[in-house]
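*Asks:* If you scroll down you'll find the structure; I have some questions about it.
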Amino acid sequence: SPGLMARADGAPGPLWTPALVALAAANVCFFFGVTMFLLLPVHLRALGADELEIGLVMGCGGLGSALGFPLCGVLGDRHGRRPFLLGGYALMAACALAFLATRSLPLLGVLRFVQGIGFAAGLVAGMAMVADLAPEGRLAEAIGLYGISSIVTHALGPTCAEALAARWGFSAVFAFSALLSTFGLAALARVRETHVAKPRAFGTWESGPSIFRIALRPELRAPLAGALLAATAFGSVITFLPDYATLRGLWPVSPLFIGYTIAAIGVRLRFGHLSDRVGRRRVALPTFFGYSASVLALAGITAGWQLWPIGLLLGASHGLCYPALNAMAIERAEPAVRGRAMSLYNLAFSLGVTLGAFGFGPIAHAAGYPTMYLVSSAVVLLGAAVVARDDRGGEGWATLEVSVE
């Protein structure tokens, strides 16, 4: 792998290389198309879905990601990142077009499942490439700054989808999403492979520890469990907020996503290096209380303007938490299995979002959205407890291998 290298004089290498810029540009297109589907619950409600059915259809995307993350992580370590990056983008484009052809809730659930696989492939391969290319000592900074190309689309996607749906309906939303993924494919044309593996027939199982053994390592407990529990709050927002806001007359929902984007980008630009300097746990721990407070505020929201500060708090929390825990997971795995560690982290976050959809949907259906957000606020605090109990500091894999192998 060409990444994680320092210059000859010992100083960290440049962060924004042409390859990383091209990856970020492609990622903007990819996530722009993905985040347009945050408005899908509005379409589902128009098709007759209730809170339970909205949660089930939206959660199918998480199930697809749950399958895709470990599979793409394992095969990406063995066969390279680029094939899965290109395949993920192509699959997202194809699925977006397929949404034009059906109004059946079960079929829409199937399409969401396939979308989840494509999303996992594009996300894991892209993030693993960033980890490969990151200069030594700037891993969390690289992950955080690259993540800005994803975060910015959380303002662009829902806002654009609202405008398109209001003028031309959701068919325009689906068609434009497909076009964006195609633009992303074009941007990747000159991005080369970043991970060189030993030649082996495609389909041969990975060398080294299996992804299941890696997942059970004690040093990965905090970043994986923390990501899963934080994601339940994140999932309760992105899955149900559009429908909740519509029912309460708080439309549009774009102010929350715009506020989220502003805060997340701001903290990553200003404090993206913080966990590299002061430690992953010290940065991640307070963010769980921010997650909890943001969803607690949704339980009592009474006016549309309140979406702005809630979005700012959610964005600041996510903007710091995600790269800090991600870097913790990566540096606690040896370089040969970095792709698997990356996929496990993203799997944990995806499972949390899925649990938020499947688990909170029945609560919202039975007791209403305010009660659901109260429960979500309590659940995410369990993540703070897990991270607070982690006593392994910021050590990397080299100091841990004796205890885990």
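The values are calculated or read from the model by the stated rules, or taken from the named source; none is laboratory data. Keep in mind that this is a model prediction, so the values were computed, not measured. We place every Cβ from the backbone using ideal geometry, glycine too, and count neighbours over all the protein chains shown. To get the accessible areas, we keep the full protein, side chains included, count just its heavy atoms, and leave off ligands, DNA and RNA. Shrake-Rupley method; radii C 1.70, N 1.55, O 1.52, S 1.80 Å.
*Asks:* Taking Cα atoms, how many degrees apart are the long axis of helix 307-331 and the longest axis of the chain, rounded to 10 and kept between 0 and 90?
*Replies:* 30
*Asks:* Still on this model: Per residue, how much accessible area does segment 11-93 have with a 1.4 Å probe, in Å²?
*Replies:* Each residue of segment 11-93 exposes 29 Å² on average to a 1.4 Å probe.
*Asks:* Now a separate question. Given the whole protein assembly as supplied and a 1.4 Å probe, what does the accessible area of residue 280 come to in Å², nearest 10?
*Replies:* About 20 Å², ignoring ligands and nucleic acids.
*Asks:* Now for a different question. Note the angle between two axes, namely the Cα long axis of helix 280-299 and the longest principal axis of the Cα atoms of the chain, as a number of degrees from 0 to 90, rounded to the nearest 10.
*Replies:* The two axes meet at around 10 degrees.
*Asks:* P(r) tail for segment 273-383, what percent of Cα pairs lie past 21 Å? Each step should come with its number before you reach the end.
*Replies:* On the way: 2752 of 6105 pairs.
Value for segment 273-383: 45 percent of Cα pairs lie more than 21 Å apart.
*Asks:* Another one. Taking 0.36 nm per residue of sequence separation and subtracting the Cα-Cα distance, how much length would be gained by fully extending the chain between residue 16 and residue 391, in nm to one decimal?
*Replies:* Result: 131.7 nm gained on full extension.
*Asks:* Work out the P(r) tail for the chain: percent of alpha carbon pairs separated by more than 34 Å, whole number.
*Replies:* When every Cα pair of the chain is considered, 23 percent fall beyond 34 Å.
*Asks:* Ok, one more. Work out the length of the dipole vector of the chain about its Cα centre, built from +1 on the beta-carbon of each Lys and Arg and -1 on the beta-carbon of each Asp and Glu, and round it to the nearest 20 debye. Don't skip to the answer; put the middle values down first.
*Replies:* On the way: 28 positive and 21 negative charges, 69 e Å.
It comes to approximately 340 debye.
*Asks:* Additional query: How large, in percent, is the carbon and sulfur part of the accessible surface of segment 58-182 at a probe radius of 1.4 Å? Spell out each step's value before the answer.
*Replies:* Working: 2830 of 3910 Å².
Taking all protein chains in place, segment 58-182 shows 72 percent carbon and sulfur surface.
*Asks:* Then there is this: Using a 1.4 Å probe on the protein chains only, how many percent of the accessible area of segment 286-360 belongs to carbon and sulfur? All intermediate terms of the calculation are to be shown ahead of the outcome.
*Replies:* Values: 1580 of 1990 Å².
Whole-percent figure for carbon plus sulfur exposure: 80.
*Asks:* In Å², what does the accessible area per residue of segment 312-389 work out to with a 1.4 Å probe?
*Replies:* Ligands and nucleic acids excluded, the result is 29 Å² per residue.
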